[in-house]
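Take a look at the structure below.
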């Protein structure tokens, strides 16, 4: 994963943001290829993290992370339905 992160650092910020928006949109539309890639990247990342955690003597019972986050549109709809969201200036 270090090689991937290294290459990512070489990309201009604007291009990263554009690519990120496209990927998020594909994730939110349940694109099977992107979802499988995310699962594989998560698995590889956790393997790398585990090496560091082990060296530090850190252990987790459960690992959820940001990939556990719910889809924002459904959360926003739920909050609106409960009248918990108001547009501000």
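FYI, it's all coordinate maths here, none of it is from the lab. Owing to the predicted nature of the structure, the values given are computational and were not obtained by experimental measurement. Here the Cβ is made from the backbone with ideal geometry for all residues, glycine too, and neighbour counts use every protein chain on show.
I need 5, 53 ordered by Cβ neighbour count within 10 Å, fewest first.
5, 53
Just to confirm the number: angle between the C-alpha axis of helix 32-56 and the first principal axis of the chain, 0 to 90 degrees, nearest 10?
50
Would you mind checking the tilt of helix 72-81 against the longest principal axis of the Cα atoms of the chain, expressed as 0 to 90 degrees and rounded to 10?
30
Of the peptides 12-24, 77-89, 38-50, how do they stack up when ordered by the mean number of other Cβ atoms within 10 Å, highest first?
Order by mean packing, descending: 38-50, 12-24, 77-89.
Between [x] -0.72, -0.90; [y] -0.65, -0.80; [z] -0.77, -0.99, which matches log10 I(q)/I(0) by the Debye sum over Cα atoms at q = 0.14, 0.17 Å⁻¹ calculated for the structure shown?
Derived directly from the coordinates: [z].
Could you work out how much longer the chain between residue 58 and residue 32 gets when fully extended? Use 0.36 nm per residue separation minus the Cα distance between them, nm to one decimal.
Residue separation times 0.36 nm, minus the Cα-Cα distance, leaves 6.0 nm.
Between helix 13-28 and the chain, what is the angle of the helix's C-alpha long axis to the longest principal axis, kept within 0 to 90° and rounded to the nearest 10?
Taking Cα atoms only, the helix is inclined about 70 degrees.
Using helices alone, I'd like the mean residue ellipticity at 222 nm for the chain: each DSSP H run of four-plus residues gives -39500 (n - 2.57), total over residue count, nearest 500.
It comes out at -21500 deg cm²/dmol, rounded to the nearest 500.
Between residue 89 and residue 16, what is 0.36 nm times their sequence separation minus the Cα-Cα distance? Round to one decimal in nm.
Using 0.36 nm per residue and subtracting the Cα-Cα distance, I get 23.4 nm.
In nm, what is the difference between 0.36 nm times the number of residues separating residue 49 and residue 82 and their Cα-Cα distance?
Length gained between residue 49 and residue 82: 8.0 nm.
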